[in-house]
Every structure is written in C-alpha cells, then in structure tokens.
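Please find one structure pasted underneath; my questions will follow.
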Amino acid sequence: MYFEDYENAKSQERSSDDVYSKPVRAGKRTYFFDVKATKGNDYYLTITESKRKIERDGKYVYDKHKIFLYKEDFEKFSEGLQEVIDYIKERCPVTEARPYNDRNNSESDENQGTGKFSDVDFDEL
C-alpha cells in the first residue's frame, strides 16, 4: 500500500530532530507536515509533497519536494496561503469533486478538459 510504503521509507530517514509529523493523503499525493528542532531546540516546519512513481524496472520510487518554513515566517506564509486559497475558491468553485481514493483513472482521464483538477509536473515548469 502506498502510504505504508512511504511511511517505512520516511521512518528510515528520520533523525533525532523530528518532533511531530502529520501526514495528509490527497489523491495520488501525500503531504507531510513535520515539526523539527534545531540544535538550540527551536522549532521549524518542513512540508514535503510525495508522489509514488513506478520506474521502468517496476520498482517504486518517491518523487519528493520539500519546503522549510521557519517560525518568523509562519504568519506571513499562512496569510498568503489563505489569500490564494480564497482567490481560487471565489474564481473557480468546485463543481464536482473526484473522490480522493479514485486511483483507477488514467493520466489522460485527468486532463481531458473536465476542469476538475490539474496535475502539474513542476519539473517541466
């Protein structure tokens, strides 16, 4: 299972600076909100987006992107995030949501102009 595989891989890379972790499953992706501590015991947040991919040899690999967020930036970050979420909700309301556990649809089904979701590959930007 995807989530358990990633949790096992993630637990192997954890170090003593981990304080708290909250995984959030969202479709084909999992987001991890990890509270970590510096050597001086000051906390900061890492946000990791993970997506499981299958290599040509059939092995699973995890494509991960990570953001580090420090306490002094929490307020501005959350204000900016809320502003863009509100903007999107006002201008592009959800008409029909696809269930998060619907993993049987192919990539081409997701991008046939339904206007529901887009799957952006940030490496191509």
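The values are calculated or read from the model by the stated rules, or taken from the named source; none is laboratory data. Please read all numbers here as calculations on a predicted model, not as lab measurements. FYI the Cβ positions are ideal-geometry reconstructions off the backbone, even for glycines, and counts take in every protein chain you see.
Scan segment 74-102 and report the pairs whose first residue is over 21 Å from residue 24 (Cα atoms) and whose second residue is at pLDDT 95 or above and in a loop (DSSP other than H, G, I, E, B), with Cβ atoms within less than 6 Å and a gap of 6+ or a chain change.
Every condition considered, no pair remains.
Another question, if that's okay. Residues in segment 16-39 that are surrounded by 15 or more Cβ atoms within 10 Å (Cβ to Cβ) and of a type in the set (Phe, Trp, Tyr): how many?
So the answer is 1.
For the condition at pLDDT 95 or above and under 15 Å from the mean Cα position of the chain (by Cα), what is the one hit in 28, 76, 36, 66?
66
A further question follows. Give the number of residues within segment 40-84 that are exposed (fewer than 10 other Cβ atoms within 10 Å of the Cβ) and part of a strand (DSSP E or B).
So the count comes out to 1.
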